1. Among [x] 14.7; [y] 18.1; [z] 15.9, which is the computed Kirkwood radius over Cα pairs in Å?
2. Hand me the trypsin sites (Lys or Arg not before Pro) from the range 64-109 located in a DSSP loop with no more than 15 other Cβ atoms within 10 Å, in residue order please.
3. Short version: ³J(HN,Hα) in whole Hz for each residue of the range 8-15, in order, from phi by Karplus 6.51 cos²θ - 1.76 cosθ + 1.60 (θ = phi - 60°), x for Gly and Pro, what are they?
4. What's the ranking of 35-41, 8-14 by average number of surrounding C-beta atoms within 10 Å, highest first?
5. Compare 80, 53, 92 in a GNM of the chain, Cα atoms joined below 10 Å, and give the one with the largest fluctuation.
6. Within the range 1-108, list the GluC sites (Glu not before Pro) lying in a DSSP loop whose Cβ has at most 15 other Cβ atoms in a 10 Å radius.
7. Would you list which aspartates and glutamates come within 13 Å of residue 113, measuring only between C-alpha atoms, while excluding same-chain residues fewer than 8 positions from it?
8. I want to verify a result. In a Gaussian network model of the chain, Cα cutoff 10 Å, which of these has the top mean-square fluctuation: 64, 117, 33?
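Derivation of every value follows stated rules applied to the coordinates shown; laboratory data play no part. These numbers come from a predicted model, not from an experiment. Using ideal geometry, Cβ is built from the backbone for each residue, glycine included, and neighbour counts are taken over all protein chains shown.
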Amino acid sequence: MEFKPRILVFTCNWCSYAGADLAGMLRLSYPPTIRIVRVMCSGRVDPTLVIEAFKSGADGVLITGCHPGDCHYMKGNLYALRRFLLLRRLLADMGIDPRRLELRWISAGEGSKFAETVKWFTETIKSLGPARA
């Protein structure tokens, strides 16, 4: 049976969620194994949400936000970057491969980039296998 990874994607309301919406409007295909959670800003993705996602069975977590300098909340995406870097180290200490967490900048007009990012991340997680054996 083929491994179908469970991936949680946090998208910021102002850019990457609109990018995901554009991908849908353009009928760009990407794996249906993702679940999108819209947050007002990528900087609002609390590290406990990411850890809870893995505890609840997620095989991967992708955080997407506005490009640096374009954040609706000025520096929210930079806070997300700091948390992401710390979270990767924490996940490694917890025995979770840090490659299971990724951060990408995707603007509202980058529907194709959203689709390609999801495809790439899904393939990455497939290559790693299930988070829990």
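1. Recomputing Kirkwood radius over Cα pairs in Å here gives the entry labelled [x].
2. Counting only loop positions with at most 15 other Cβ atoms within 10 Å, the trypsin sites (Lys or Arg not before Pro) in the range 64-109 are 75.
3. 9, 10, 8, 10, 6, 4, 8, 10
4. Highest mean packing first, the order is 8-14, 35-41.
5. 92
6. 2
7. Partners found: 21.
8. 33
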